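Below is one structure, written out as structure tokens, with a few remarks after it.
Coordinate-derived values only; no laboratory data. Treat the numbers as computed from the prediction; the structure is a model and nothing was measured. Note that we place each Cβ from the backbone using ideal geometry, even for glycine, and neighbour counts take in every protein chain shown.
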Amino acid sequence: MGSMKVFLATLVTLAVSFSVNACPLADQAVLLAFKAALNEPYLSIFSSWPGNDCCSNWYGVSCDPTTGRVADIVLRGELRTPFLKKPTGQAIFGEIPACISSSLPILRIFDLVGNQISGKIPADIGSLGWLTILNLTDNKLTGGIPPSIVNLGSLMHLDLSNNKLAGEIP
């Protein structure tokens, strides 16, 4: 009987720690939509995104240790040769889905440097009130810089260079 109590206590402990360490379902859904909108055929980065523990096992994703919410997305393309200034071809392709900015409330770092990301910067990017780094340089983004970007009160680093953006800076 004593071993049964120990077994049940261990089972409960494992269940509690699994639910504490698992990525919140809302964050996981956003990351899976992000993954579905993008294509990465060379490095298999997204193959590290199975299961529900995006806070510790998903490449390029970090979570806040206090809240357990997704705090950083850093998925840089392969480094460019400094002398040639040309991409080597290993990068992420696709568009940034709009759900990134509306569904990750404590995202602090969003870094997709050196990829082949196309389309527009999400219009409501300014809703990421905790964002301190937005680095989308060396992609193929088009359109204008969304006016909502002025709402990023915590922003300390912004780099949108080497894209195909047009229009005025808000």
Taking the simple approach of a point 7 Å from Cα along Cα-to-Cβ for both K140 and S47, what is their distance in nm?
2.4
Within region 24-165: Cβ-based charge dipole about Cα centre, in debye rounded to nearest 20 (Lys, Arg +1; Asp, Glu -1):
400
Hull surface over four for the Cα convex hull of region 24-165, reported in nm², is 8.1
If you take the charge dipole of region 24-165 about its Cα centre, with +1 on Lys and Arg Cβ and -1 on Asp and Glu Cβ, which of W58, P41, G129 is farthest toward its positive end?
P41
Expressed in nanometres to one decimal, the distance between label points 7 Å along Cα→Cβ at Y59 and S161 is 2.7
If you stretched the chain out fully between S154 and E168, how much longer would it get, using 0.36 nm times the residue separation minus the C-alpha to C-alpha distance?
2.9 nm
